[in-house]
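Novice: This is the structure, below, for whatever I ask next.
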Amino acid sequence: MSEWWTYSLRDLLLFSSRTYTRLFELHNQEWWPLPLFALALGAVLFALAWRGGERAGRALLLVLAACWLWVAWAWHAQRYAPINWAAEYFAWAWGVQAVLLGLVAWQGRFDAAPAAALRRGFGLFLVGAAWVIYPLLAPLLGRGWTPAELFGMAPDPTALATLGVLLTIKQRQAGGLFPIPAAVPPDQREATLWAMDAPEFWIAPLASLPCGPAFVLAYLPGCGDKPGTQCPPRVA
Amino acid sequence: MKPNSTRRRLLGALAAAPLLGPAAGLAQPTRPATRTIASSGEAIPLVGLGTWITFNVGNDRAARDASAEVMRAFFAAGGRLIDSSPMYGSAQEVIGYGLASLGRPADVFSADKVWISDGDRGRTQMDTSRRLWGVPRFDLMQVHNLLSWEVHLPTLFAMKAAGQLRYVGITTSHGRRHGDMERIMASQPIDFVQLTYNLVDREVEQRLLPLALERGIAVLVNRPFQQGALLDRLARRPLPAWAAEIDCTSWAQFALKFVISHPAVTCAIPATTRVDHVRENLAAAGRRMPDAAMRARMATFVAGRG
Ligand SMILES: NC(=O)c1ccc[n+]([C@@H]2O[C@H](COP(=O)([O-])OP(=O)(O)OC[C@H]3O[C@@H](n4cnc5c(N)ncnc54)[C@H](OP(=O)(O)O)[C@@H]3O)[C@@H](O)[C@H]2O)c1
C-alpha cells in the first residue's frame, strides 16, 4: 500500500484478543500432555543455565534449537497462520533462529568460566520468568489455566528464555543469536494487544524491557563481564 | 460534476428521506428496508454484515459455529450482503463454513475484495477467495483500499462483461485517499464505492456522497460504529427520549439509522460477533427513518451540542 504511514496500529488489527487467547487454549488442549513436558523442560533449562559450563551451554542451545523449530511449525505455521497472514514469515524467522542455535551448539566455542554475576543473574532471572511467571499471567488475568503460555510451546516465553540463556553462557558467536529473540516480544501480537486496549496490554512493553539490558550486556565489551576474559581456542 | 445541480439533487433526496424508510421496499414491518443499486435497479437491504476481525477466528470450531449462528440470524432477519477481504485472515473461510452449514442460502449477496499489488495475481487471488466462500461467482468485487486499482479495474470490468461477477467497486476507509476516490468515481464506470461514514466521521458528506448520487454509484458504508469506539463513547450518555420518534431502542440503532438515512447510502455493513447485535442492527433498517432535520439533530446531539 502506498500510504502505510496513514495507518494506525488499530487499522491493521486482524483479530480480537479473545480469538488470540483461544489459540493458546486450543494449542494446549490439542497437544496435551505436551504442556506438562514443556514445563518440565523449562525446569531442565533453568537447571542447566544455573550449572553453566561448556557442556551445559551446548545442551542449552540444542534444547532451544529444538524449541524454536517446534514453535516455528506448531505455533506459527499451524496455529497462528490461519488468523494472521504474517505468521508464515514469523515461522521462517523462527526456523532460521533454530538453525543458528543448532549450528552454534554444534560448532561454537564456549568458555567454561561462568559469565559475570550481573549478566548471569539477569539471564537466570529471564529464564525463570519465562518458565514460571509467563504461565501465571493467564490465570492472573482471570482467564484460567487453559490458555497459559508455556516455554517451549508459546513464542513469547520461548524467546524470553532464549535471551536469558544467551546471557548465562559465554560463547563467542552468541552475539548473532540475540537479534531474533529480542525482536519477538514487541512483535505484531504484542502491538495488537496494545492497540486493542486488551487488559494485558502492559505486558508488551514490559516483555520488551529486558531486551535493552540484554543487548547492552551481550554486546558491550567488558560490560557485565570480566574484562579481558578470553574464549579458549577451538578444539578441532 | 455540476455542483449546483448535485446540491439540488441531494437536498431533494434528503427532504424525501423519511419516505425512503417504510416505503422503500419494506414488505412487512420486520423486514429491513431496501435501496436500489442504481446501475442495475436491483434492491438490497440497507444493512449488511462486515467481517473484519469478528469473523477471523481461525480453525476454532466453536467460534466458527458462533459465526455461523450470527449469519443464520442475519439471513433470518432479512439480511443479504456480506462483505469480506483476503486481508481479513480466515474470515472468508469462516463465511464459507457458515454458508455451507446454513445450506447455502440463495439470498446471499457476496461482496469481496481484491487486495494484492501485483495485477497479474489478482485473478488467482479472487479465485481462491471464491473457493473459500464456496460461491459460483461473487456479486460484488471491490479493489481493497484502492491498492493497484489501475491494474485491477480493467480485470474486474472484463470479468463483469464475461458474467464472472455482477458489480465492480472500490473501497477506502478511515477517510483515506478521498481525492483519488473522487477521481475514480468521476472517470470509471464502477457500480459501487465503499467508504467510512458515521455520526462523527462525516467528511464524505461534502463531495463523495453527492458525487455517488450524481453518478448513480451505490455506496457501502464501513465502520458505521467506528469499530465499536463510537458506541463505547455514546454508552456513557442515555439515549435521548426523542430517539423513540425514529423507533430507536439503542445507540447502535441510533448510529445506524443516521448512516442509512443518507439518501446516497445503499447499505451499511456493521460487523458483529453477536446474534442479538445482528438482529438489532437489521431492525434499524425498518420502521421510521430520520428526515433531514432529525439527522441534523442527531449529529448535533452526538457532538455534545444538543
Ligand atoms: N478498507 C476497507 O475496505 C474496510 C475498512 C474497514 C472496514 N471494512 C468493512 O466494514 C465492516 C465494518 O467496519 P468495522 O468492522 O471496522 O467496524 P464497525 O462495524 O463500525 O464496528 C464493529 C464493532 O461494533 C460492535 N457492534 C456491532 N453491532 C453492535 C450493536 N448492535 N451493539 C453494540 N455493539 C455492536 C461489534 O462488537 P460485537 O461483536 O460485540 O457486536 C464490533 O466490535 C468491516 O467488518 C469490514 O467488512 C472495510
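Novice: Determine if the range B:253-262 includes at least one residue that is outside any helix (DSSP H, G or I) and within 13 Å of the ligand (Cβ to nearest atom).
Specialist: no
Novice: Let me ask something else. If you check B:PHE109 against the conditions, is it under 15 Å from A:PRO82 (Cβ atoms) and modelled with pLDDT of 95 or more?
Specialist: Criteria not met by B:PHE109.
Novice: OK, next. Given the criteria within 12 Å of the ligand (Cβ to nearest atom), in a helix (DSSP H, G or I), within 14 Å of another protein chain (Cβ to nearest Cβ) and acidic (Asp, Glu), does B:ASP232 qualify?
Specialist: Against the criterion (within 12 Å of the ligand (Cβ to nearest atom), in a helix (DSSP H, G or I), within 14 Å of another protein chain (Cβ to nearest Cβ) and acidic (Asp, Glu)), B:ASP232 qualifies.
Novice: So in the range B:237-251, with the set limited to residues that are open to solvent by 10 Å² or more (accessible area, probe 1.4 Å) and part of a helix (DSSP H, G or I), which one is nearest to the ligand (Cβ to nearest atom)?
Specialist: So the residue we want is B:TRP251.
Novice: Can you tell me which residue among B:GLY169, B:GLY122, B:GLY175, B:GLY179 is of a type in the set (Gly, Ala, Ser) and under 30 Å from B:ARG72 (Cα atoms)?
Specialist: B:GLY169
Novice: Here is a further query. Any residue in the range B:256-278 that's within 14 Å of chain A (Cβ to nearest Cβ): show its pairings with residues that are away from the ligand (no atom under 11 Å from the Cβ) and open to solvent by less than 10 Å² (accessible area, probe 1.4 Å) at Cβ separation under 6 Å, as long as the two are six or more apart or on different chains.
Specialist: none
Novice: Next up: Does the range B:183-191 contain any residue that is under 15 Å from the mean Cα position of the chain (by Cα) and without any contact (Cβ under 8 Å) to a residue 60 or more places away in the chain?
Specialist: No: zero hits.
Novice: Checking the condition crowded, with 21+ Cβ neighbours inside 10 Å, at pLDDT 95 or above and within 13 Å of chain A (Cβ to nearest Cβ), which residue from B:GLY79, B:GLY58 passes?
Specialist: B:GLY58
Novice: Just checking, which of A:GLN107, A:GLN78 is among the polar types (S, T, N, Q) and modelled with pLDDT of 95 or more?
Specialist: None of the others qualify; the one that does is A:GLN78.
Novice: For the range B:210-224, give me the residue count where each residue is assigned to a strand (DSSP E or B) and either of a type in the set (Asp, Glu) or more than 6 Å from the ligand (Cβ to nearest atom) (or both).
Specialist: Result for the range B:210-224: 4.
Novice: Sticking with this structure for a sec: Out of all the residues in the range A:82-123, which are in contact with an Asp or Glu (Cβ under 8 Å, 6 or more places away or on another chain) and buried (at least 21 other Cβ atoms within 10 Å of the Cβ)?
Specialist: A:PHE90, A:PHE110, A:ALA115, A:ARG119
Novice: Run down B:GLN206, B:GLN227 and say which single residue is within 14 Å of another protein chain (Cβ to nearest Cβ) and either more than 10 Å from the ligand (Cβ to nearest atom) or at positive phi (or both).
Specialist: After ruling out the rest, the residue left standing is B:GLN227.
Novice: Within the range B:168-189, track down each residue that is open to solvent by 10 Å² or more (accessible area, probe 1.4 Å) and either away from the ligand (no atom under 14 Å from the Cβ) or in a helix (DSSP H, G or I) (or both).
Specialist: Result: B:HIS178, B:GLY179, B:ASP180, B:GLU182, B:ARG183, B:ALA186, B:SER187, B:GLN188, B:PRO189.
Novice: Would you confirm, using the coordinates I've provided, whether B:ARG104 is charged (D, E, K, R) and modelled with pLDDT under 95?
Specialist: no
Novice: If I filter the range B:263-306 down to residues being near the ligand (Cβ under 10 Å from one of its atoms) and acidic (Asp, Glu), which single residue comes out as most open to solvent (accessible area, probe 1.4 Å)?
Specialist: Ranking the qualifying residues of the range B:263-306, first place goes to B:ASP276.
The values are calculated or read from the model by the stated rules, or taken from the named source; none is laboratory data. Source: prediction; values computed, not measured. Glycine gets a Cβ as well: all are built from the backbone with ideal geometry, and neighbour counts include every protein chain shown. Ligands, DNA and RNA are stripped out before the accessible areas are found, and what is left, the full protein with its side chains, is counted by its heavy atoms. Shrake-Rupley method; radii C 1.70, N 1.55, O 1.52, S 1.80 Å.
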